[in-house]
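Trainee: Before we start, here is the structure in question, set down as C-alpha cells.
The values are calculated or read from the model by the stated rules, or taken from the named source; none is laboratory data. What you see is a predicted model, and the numbers here were worked out from it, not measured in a lab. Virtual Cβ from ideal backbone geometry, glycine too; neighbours counted across all protein chains shown.
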Amino acid sequence: MKKNIYIIGFFILVATIANAQVQKGDVLIKNGTVLTITNGTLENTDVLIQKGKITKVGKNLRIPNDVMTVDATGKFVMPGILDAHSHIAGSAINEGTAQVTAEVSMEDVVNPLDVAIYRALAGGVTTTHLMHGSANVIGGQNETMKLRYGSTNPDDLRFEGAPRTIKFALGENPTRGGRSRGIQPQSRMGVEAMLRNSFSDAKIYRTTWDAYRANKSTRKVAPEYDLRMETLVDILEGEVLVHCHSYRADEIYMLMKVFSDFGIEKLTFQHANEAFKVAPELAAFGASASVFADWWAYKLEVYYSTAYNAAILTKNGVTTSINSDSGELIRHLFHEAAKTQKYGDLTDNEALALITLNPAKQLGIDNRVGSIEVGKDGDIAIFDGHPLSTYAIPQMTYIDGIKYFDRATDKSDQRLYINPEETIQEVSIFDRESQHRCMEDAQTLSFSDLFSNKK
Amino acid sequence: MKIERKRIFRLMLILPFLFGTLAVNAQSDYTGKSAATRTYAITNASIVQSPGAVMEGGTIIVKNGLISAVGKNVSIPDDAEVLDGTGMYVYAGFIDGMSNVGTKRPKAMPRPSNLFTPDPPNDYAGITPEIHVVDQIDISSSTISDMRKAGFTIAHTVPYGRMLPGSGALIFLADKDHPDDLILAENVAMFSQFVGAPGAYPGNILGIMAKWRNLYRNADNAMKHTIMYSENPSGLERPNRDRTLEAFFPVVAGEKPVFFNVQNMLDVRRAMRLQKDLGFKIAVANVKQGWEMAEELKQNGATVFLSMDLPDEPKESKSEDKTEEVKQLEARKMDFYKKYVSQAATYQAAGVPFGFSTMGTRGNKVKTNMMTMIENGLSADDALAALTTGPASLLGIDKVAGTAEVGKLGNLVVTTGPYFEKKSQVKYVFVDGDKYDYEIKEAKKKGDEAVDEPAADTSNEPLLGSWSYNFTTPQGDQGGKMIIKKAGALYTGVMTSDDGSPDTDMEDISFRDGTLSFSFSVDGGGQNIEILVSGTVSGKNYDAQASVEAFNVSFDLTATKDDGN
C-alpha cells in the first residue's frame, strides 16, 4: 500500500507521545548468574543498564557515577519473559459481530489499570502480546506491550517500534460465531473461502487505489476508503505479522497453502496443538508456533494433543514459544517452559528460549528483547533460584532499566483505580476458565449447541 | 462555533419579539394561565451579576424576555410586577453543558429479520448523525421542570441512541406549547458515545473506534467530491447522496464540534485518540473520572463538561474487629471517593475552563453535589462560573447568557440566601423572561436539611436484587420476577413467571451506562424462541423493548425494583 497518510501521521504522533513519556533508567545488576539465552550462562557476572539499554555484560564492572547497584549474588538474572498470547489489560477482546474485522485494533482498548499487569510482572513477564479474540476468521490487530505498570496512559504501555500484528482464527471458534448468526463461515470450508475472498478483495482494492494515486487529474474522485481493506493490503505487503489461532493439522496446513498463494510469509500459529504433526512443513514454510505446555481437551478440536508438542517443534527447527492466554498462567510461564524438560528433554537454553527469544522473534522484536546482550533493552527478571526450578521465585522485574516489581516492597493492594462504590471483594481461588477471554462478547452458542442441528 | 454563533444571534433578535407579541395578544386566554405582565422588578436584592461581582440592595428588571436594567437606583416600569427581593440573591440562570433534558427516548428499532450482523442498517447500528434532537423534544417532559427547579434555564440537550445518535440543541427549560418555542439554537454539536449495537457491528468499543475513523475519512472524501461537483459538475461523477456522511461535513470543516459522552478516564482518552487521529473540534462531556486529564485536555484545547453526578460516600464497616487489611482497603476507597468529589477543584486549579453535564443526575441532587464539590476544594465563585459564565462561553452563547447583566436573556435564579448555603432555597426561576414561582418549605424542627429530598438510592449495584416485570404480548400480559445476581464481574439472572411456567435464565446480561440488555428463551411449541431485551434503568424503573427475532416483532417490557433489596 502506497501509504495512508493518516495512519502514518497517527503512528508518528503516538510514537512521539510514548517516547516523550516513557521512563528509562540506569542500574547495575552485580554478580549474578546471567542466563543470556544467546551466549550461554555466565557465572558471577554484572549487567549494566544505562538509559534503558544494556551497555555492558561482564565481570567486576566499574560502577559509573549515580548508578544504582543491585546485588544479585546467588541469584539468577534472565531476560524479561515474553508472552506471545495474552488477553490481560484489554477493555474489550472481541468485535465478534463480523467475521472479518481487520480494521479494529487492540491498541484502542488497552487498559493500563488491569491489576493482572502487576501479577504478570511478579512472574517475571515484561512484554505481552495483547491479542484480539478468536471469534473471527480475520480478527483485529493486536498490540505488543511493555508492562510499565503504574501509568494510567495506555500509550505508555506501547512497545514503541514493534511491528503490527493481527489475529486470525480457524476451526470451531469462528464457525461457532458464523453458525449462531447464520452467516459465513459455518464450516472449515467456509473459513478457507472467507480468507481467499478477503485477500482477493484486498487486491482489487489495492488496484483501485493505486490507479487513483497514479491519476494526475486535479479533478479525480477518491474511491471508497475502507480501513478493513487497508489492513488486509498491509498484510499482503508484509507489514503486518499474522498470528493465527488454530488447533488441527489440516487447518494449519490449509492456511500455509492460502498464504503461499497470496505471497504472505510472516506467520505464527497460536495454540497449534496438532502442529507437531506438520512440524517439517512448518519449518519449510518458515512459520512459527506458539503453544501451551500441556493444556487441551477443552473442546473437541483440542483432544488430539501432547505435552511433547513444543519439544517436537523445536527439534524440527520451528521457532516455538510457550504462551499463557490466561491471567493466571502468565504468572508462572517459567514453570510452563520447564515442562518441556520433563516432556522432551530440551536443554535449559532451549526451554528458556521458549519464553524469551522465540516469542520475541515471533513478534518481530528480537532485535530489542529476548536475550541479555549489549544494545538490547534493559528488560530483566531476577530469580532467587534457577527459573526452570519449581522452587524459584521471581524477585525483581525491570523494564528499560526501571524496576516495576520488587518482591521485597510488594504491597497487598496494587490496584491503580478503585471504585469507591464497590463493596470490598472477597478474593476467591483463581478460576482459569473465567480468565480465558478468547471468546468474550462472542459466546452466542453453547458448546452443546455447536453440534445440534437447531440453526 | 462561528457559524452557530451567528445563527444564535439571529435567533436572539427574533425570539424576544415573537414571545412579546404572543403575550400581548393572548388577552383572552380562557385557561387563565397567561401572565398578566412580562415585566418584572426584583427589588432590594443581592444581585450576583457574575461570579464574584455582587451588588447589594440592587434592583433588576426583566422586560420582554431580556434583562433591561440592573442597579441601585433603577426606576421601576409601571407595568412591572414587583417582587420584594429583600434578603434574596439573584444569579444568572444555570446552563447545562450536555444532557438529555426534555428529550424523549425514541422507540428502540426492533431487530430486523434476517439481520446481517456484520453490516446492519445504520439506524440499527446506532449511526444516525443526521437526526436532530429537536424532533425528539417532549415539551411535557418532567426533566424540564425538574432541572429548572434546581436553577437551570438552558440545556444543551442531545438525542438518545448509541454510537452517533444525532445533533444536540440548546433549549430553554420553559413551559411552552410547542417544541420550537424552546429552541435557542439548533444543530450545535454532533453527539457521540461508545455504545455498541446489540449483537451487530459495531458491537463494542473495538468496532466503534474503527467505524468512527472509517466514517470520518469517507466523509472527508465525500465532502471534497461534493464541493468539486458544486463548483463545476461537467464531466465529473455525480456524488451519491449519503445523509450520514453529509452530517459529518460541518465537523470535517471544523465548524461544528463533536460532544463525546465519556464518563471514565479510558473513554476520555479514547475520544482524544480519535480527535488526534482525525483532527476535529472536540468536547468531552459527562466526565466523572478525569482528574488526571486536566493538563492534557488543556493542551489539546478540548472543551470540558464534568459530570454533576458523584459517587456515594463510602461507609466504613462498623465491625470492631476489623483487620488491618480491611482498614487499608477502606482508606483507599475513601481516597478515590475524594478524587471524584474534588475533580472540579482539580480542573479549577489547573486553570481549565469547564462546565457541568447533568446526565444521570436528578434535579434534587444538583445543589447537594455542588456543595460536596465546594467542601472538597472548589471555590463558590468557580462553582457559580461552572454553572453560568463557563458553559455560556464554551457553548458560544456568552453574548446572550451566563451573567445577570443588561441586554442578556431574562434567565435568572432567585434564592432565599446565597445559593451555595445549605439552607437557601430557590424562590423564583426566570426562563426567557417568564417567571416560575416556588413554594418555600419551612425548616423542619429536627436537623437543618431544609429541602425535602427523597431518599437517594444508595445501593452500590443498582441492578442486583429482585424486580417485578410486566411483559405485554398480543396474548395478554405476563408478569413475574427477575432476580439478578452477580458472580465475579458477570451478571446472572433468572426470570420467574406468575402463571407457573418454569423459570428461565437471563442470558448475555450486559449493563453499561444505564442500559441493561439480556436475552431469554421461551418454548414456543417445541421451537426454542429467543427474546432479546434492551432498555434503560433509571433508579428503580426499567423500561425496555423485548424483540423476538424469529417473528420480527417487539413488545414493551417494564420492571420495577422490589423494595427491601
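Trainee: Say whether the condition of being in a strand (DSSP E or B), touching a Gly at 6+ places or on another chain (Cβ under 9 Å) and at pLDDT 75 or above is met by at least one residue in the range B:545-553.
Mentor: Checked the range B:545-553: at least one residue is in a strand (DSSP E or B), touching a Gly at 6+ places or on another chain (Cβ under 9 Å) and at pLDDT 75 or above.
Trainee: Checking B:THR128 against (1) modelled with pLDDT of 95 or more; (2) farther than 21 Å from B:PHE430 by Cα; (3) surrounded by fewer than 23 Cβ atoms within 10 Å (Cβ to Cβ); (4) out of contact with any Pro (no Cβ under 8 Å at 6 or more places or on another chain), which test does it fail?
Mentor: Just one mismatch for B:THR128, condition (4).
Trainee: Still on this structure, I have one more. In the range A:98-112, which residue that is over 17 Å from A:LEU232 (Cβ atoms) and touching a residue at least 40 places away in the same chain (Cβ under 8 Å) is nearest to the other protein chains (Cβ to nearest Cβ)?
Mentor: Checked the range A:98-112; the qualifying residue nearest to the other protein chains (Cβ to nearest Cβ) is A:ASN111.
Trainee: Continuing with the same structure: Determine if the range B:91-112 includes at least one residue that is surrounded by fewer than 20 Cβ atoms within 10 Å (Cβ to Cβ) and within 14 Å of another protein chain (Cβ to nearest Cβ).
Mentor: yes
Trainee: Limited to the range B:328-373, what total is found for residues that are part of a helix (DSSP H, G or I), within 14 Å of another protein chain (Cβ to nearest Cβ) and of a type outside the set (A, V, I, L, M, F, W, C)?
Mentor: Number of matching residues: 11.
Trainee: State all residues of the range A:340-379 that are in contact with a Gly (Cβ under 6 Å, 6 or more places away or on another chain) and hydrophobic (A, V, I, L, M, F, W, C); if no residue qualifies, say none.
Mentor: Matches in the range A:340-379: A:LEU357, A:ALA360.
Trainee: Here's a follow-up. Can you pull out every residue in the range A:72-92 that is surrounded by fewer than 24 Cβ atoms within 10 Å (Cβ to Cβ), closer than 23 Å to A:PRO359 by Cα and charged (D, E, K, R)?
Mentor: None - no residue of the range A:72-92 is surrounded by fewer than 24 Cβ atoms within 10 Å (Cβ to Cβ), closer than 23 Å to A:PRO359 by Cα and charged (D, E, K, R), so the list stays empty.
Trainee: For A:GLU95, which of the numbered conditions (1) buried (at least 24 other Cβ atoms within 10 Å of the Cβ); (2) of a type in the set (D, E, K, R); (3) more than 11 Å from every other protein chain (Cβ to nearest Cβ) fails to hold?
Mentor: (3)
Trainee: I've got another one for you. Please find, within the range A:150-204, the residue that is nearest to A:GLU107 (Cα to Cα) out of those that are surrounded by 19 or more Cβ atoms within 10 Å (Cβ to Cβ) and among the hydroxyl-bearing types (Ser, Thr, Tyr).
Mentor: Result: A:THR165.
Trainee: Residue check, A:VAL302 against (1) of a type in the set (A, V, I, L, M); (2) surrounded by fewer than 19 Cβ atoms within 10 Å (Cβ to Cβ); (3) within 18 Å of the chain's Cα centre (by Cα), all met but one. Which one?
Mentor: Of (1) of a type in the set (A, V, I, L, M); (2) surrounded by fewer than 19 Cβ atoms within 10 Å (Cβ to Cβ); (3) within 18 Å of the chain's Cα centre (by Cα), only one is false for A:VAL302: (3).
Trainee: Something else now. Within the range B:301-316, which residues are exposed (fewer than 12 other Cβ atoms within 10 Å of the Cβ) and within 11 Å of chain A (Cβ to nearest Cβ)?
Mentor: Matches in the range B:301-316: B:LYS315 only.
Trainee: Moving to a separate point now. Tell me, yes or no, whether the range B:236-248 has at least one residue that is over 29 Å from A:THR101 (Cα atoms), away from chain A (no Cβ under 13 Å) and modelled with pLDDT of 95 or more.
Mentor: No; the residues of the range B:236-248 include none that is over 29 Å from A:THR101 (Cα atoms), away from chain A (no Cβ under 13 Å) and modelled with pLDDT of 95 or more.
Trainee: Quick check on my filter: what residues within the range B:272-294 are within 19 Å of B:ASP220 (Cα to Cα) and aromatic (Phe, Trp, Tyr)?
Mentor: Answer for the range B:272-294, where residues must be within 19 Å of B:ASP220 (Cα to Cα) and aromatic (Phe, Trp, Tyr): just B:PHE280.
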